[in-house]
Amino acid sequence: MTEPFAAGFVRAINANRTLKDELTAAVRRQSTPRRIAVTHLVNPRQAFFRWIHPEIQPSPERAQVMLAGTGFHDLFGHLVSSEEFVEQFVEYEGIVGKIDIYDDVPVELKTTSSMPDLPRPSYVDQLAMYCTMTGRSQGRLIIYRQTHFGGEPALRAFRAGFSDLPAIRAEMLRRRDLLRAALERRTAGELPRCEWFGRHCDYEAFCGCDQAPAAGRVVPDGACILERDPALETTLGAALASPVARPRGFRLNDLVFPRRSAFERQTPPEDEEAEPSLETRLRELERRAFRETLQDTVRYGIRGAYRTIPVTLRTLSDRVGLFQEMPTRLSTTRLREMVDRRRLVTAFPWIFDRLAFECALSDRAWGRVVLYYELLPDDKFMVYDVAFADLSAIHAEAERRLALLETEASPALLPPCPSWMARTCRYRDRCGCGDAA
């Protein structure tokens with residue numbers, strides 16, 4: 001097995017418990033609501049308890065599911081629409097909301113662990129409120145089944161038509177007034193039972209849902225026509241499956257996976273394999289969305305701790321993230337046991353190679369690795385401070401790899417990618433990475 005490049009330069013790995021605890025708290029932290037929103041009116045009783053009990057935070061597992069859903073919303077919206085229509089803020093009669101996509105009609109995206117034949121009533125109610133706020137009788141609902149729970153990714157789209165916006169408005173205002181009164185009195189009072197009753201709600205120990213009146217629907221019976229929209233599903237699939245543009249310059253990851261980079265740049269477009277299936281792209285999209293959202297939460301969860309600086313090396317240009325002034329790499333893993341720190345470099349060579357290059361190009365002897373274990377129930381974070389020796393030698397290796405890439409040298413002259421990448425690489429029939437690793 002090829003020894004990881006960084007292994008020869010790591011001189012110390014220290015577990016940082018202080019930062020680990022701070023990041024764990026940052027990911028679980030929920031802000032106290034400031035204004036009544038459409039999402040509060042779907043389940044006003046739960047919203048009330050969240051409002052008056054900000055000290056109750058979601059479990060690590062629940063926080064992870066929430067992060068995954070948020071990340072997918074953000075990335076999905078920007079892939080299938082444009083900035084001017086994504087996450088549109090609306091305000092109506094003292095109620096605020098953020099529509100996932102709002103071009104001609106409101107479009108609401110929901111992530112779920114299962115794919116029912118018809119959307120949940122709460123999904124339709126939320127879309128109905130957005131339609132009422134914007135004066136539209138039509139809306140669209142997109143449902144994505146997440147892979148986090150072990151199922152295959154799936155995407156469905158529905159058209160919704162609402163025939164009684166005045167009745168929807170009246171129910172919205174009734175719920176708004178009930179929630180306002182409950183907050184003023186600091187008691188849940190007549191707030192209706194929420195849909196999470198008996199489903200492990202964070203407030204079930206004292207919410208009193210078992211004694212609360214039934215919630216009912218925001219949309220009156222017979223006032224909604226819901227139809228599957230295959231045409232929209234096809235349009236969304238095409239947008240998600242569109243090929244990714246090839247980068248022009250070189251970036252740090254080209255030094256970490258130089259053989260893949262060489263194949264990408266030297267293979268003519270007409271010789272490329274067919275683009276991956278929609279299911280594969282959805283799976284990749286979900287993973288990417290979760291990682292990016294987790295990274296943002298870690299970066300900005302501790303005020304003033306994070307900034308980026310530019311680094312350059314001839315034709316290479318990139319940015320290095322500094323957390324408390326140390327180059328920091330965050331990575332997620334689905335391993336079911338934490339890796340002993342003595343095995344970290346061999347278990348995650350690409351992380352330490354990237355960190356070594358970042359430290360060398362930013363002239364810093366210490367870097368930091370943040371590992372997030374997705375499948376562990378509680379202790380998800382480990383933070384390690386890593387010391388590197390001989391930054392000049394690391395810098396020289398970066399220059400050597402870059403020179404080979406710049407001159408379009410044979411990929412065989414460049415270090416192989418990790419064996420796990422070779423299993424799904426589109427160049428696996430000729431890259432040799434699996435054999436080399």
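Summary table below
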item	result
Pick from segment 154-185, criterion small (Gly, Ala, Ser) and without any contact (Cβ under 8 Å) to a residue 24 or more places away in the chain, ranking: least open to solvent (accessible area, probe 1.4 Å)	Ala181
Any hit, segment 37-60, residues being under 18 Å from the mean Cα position of the chain (by Cα) and either modelled with pLDDT of 90 or more or farther than 25 Å from Cys207 by Cα (or both)	no
Identity of the residue in segment 219-231, outside any helix (DSSP H, G or I) and under 30 Å from the mean Cα position of the chain (by Cα), that ends up surrounded by the fewest Cβ atoms within 10 Å (Cβ to Cβ)	Glu227
Matching entry among Val298, Val311, Val369, Val383 (being part of a strand (DSSP E or B), within 26 Å of Val65 (Cα to Cα), touching a residue at least 40 places away in the same chain (Cβ under 8 Å) and in contact with a Leu (Cβ under 6 Å, 6 or more places away or on another chain))	Val383
Criterion (surrounded by 17 or more Cβ atoms within 10 Å (Cβ to Cβ) and out of contact with any helix residue (DSSP H, G or I) (no Cβ under 6 Å at 6 or more places or on another chain)) met by exactly one of Ala215, Ala188, Ala238	Ala215
Residue among Ala37, Ala47, Ala6, Ala68 that alone is among the small types (Gly, Ala, Ser), closer than 22 Å to Arg193 by Cα and crowded, with 21+ Cβ neighbours inside 10 Å	Ala47
Checklist (1) surrounded by fewer than 20 Cβ atoms within 10 Å (Cβ to Cβ); (2) assigned to a helix (DSSP H, G or I); (3) in contact with a Phe, Trp or Tyr (Cβ under 6 Å, 6 or more places away or on another chain) applied to Asp353, failing item	(1)
Number of positions in segment 135-146 that are open to solvent by 20 Å² or more (accessible area, probe 1.4 Å) and over 18 Å from Val38 (Cβ atoms)	1
Boolean, Ile142 is of a type in the set (A, V, I, L, M, F, W, C) and within 26 Å of the chain's Cα centre (by Cα)	yes
Flag if Phe348 is open to solvent by less than 80 Å² (accessible area, probe 1.4 Å), within 25 Å of the chain's Cα centre (by Cα), more than 21 Å from Ala25 (Cβ to Cβ) and aromatic (Phe, Trp, Tyr)	yes
Verdict on Glu292 being of a type in the set (Asp, Glu) and under 19 Å from Ala63 (Cβ atoms)	yes
Any hit, segment 105-112, residues being open to solvent by 10 Å² or more (accessible area, probe 1.4 Å), closer than 29 Å to Glu84 by Cβ, touching a helix residue (DSSP H, G or I) at 6+ places or on another chain (Cβ under 9 Å) and not aliphatic (A, V, I, L, M)	yes
Pair list, Cβ under 7 Å, 6 or more apart: segment 399-417 residue farther than 17 Å from Glu3 by Cα, other residue among the hydroxyl-bearing types (Ser, Thr, Tyr) and open to solvent by less than 30 Å² (accessible area, probe 1.4 Å)	Leu405/Ser261
Residues located in segment 103-134, provided they are at pLDDT 95 or above and either touching a Pro at 6+ places or on another chain (Cβ under 7 Å) or farther than 19 Å from Thr39 by Cβ (or both)	Leu127, Tyr130, Cys131, Thr134
Residue in segment 155-169 that is among the small types (Gly, Ala, Ser) and within 27 Å of Arg288 (Cβ to Cβ) present	yes
Residue check, Arg400 at pLDDT 90 or above, open to solvent by 60 Å² or more (accessible area, probe 1.4 Å), farther than 16 Å from Phe263 by Cβ and not acidic (Asp, Glu)	yes
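The values are calculated or read from the model by the stated rules, or taken from the named source; none is laboratory data. What you see is a predicted model, and the numbers here were worked out from it, not measured in a lab. Using ideal geometry, Cβ is built from the backbone for each residue, glycine included, and neighbour counts are taken over all protein chains shown. The accessibility values were calculated without ligands, DNA or RNA, using every heavy atom of the protein model including side chains. Shrake-Rupley method; radii C 1.70, N 1.55, O 1.52, S 1.80 Å.
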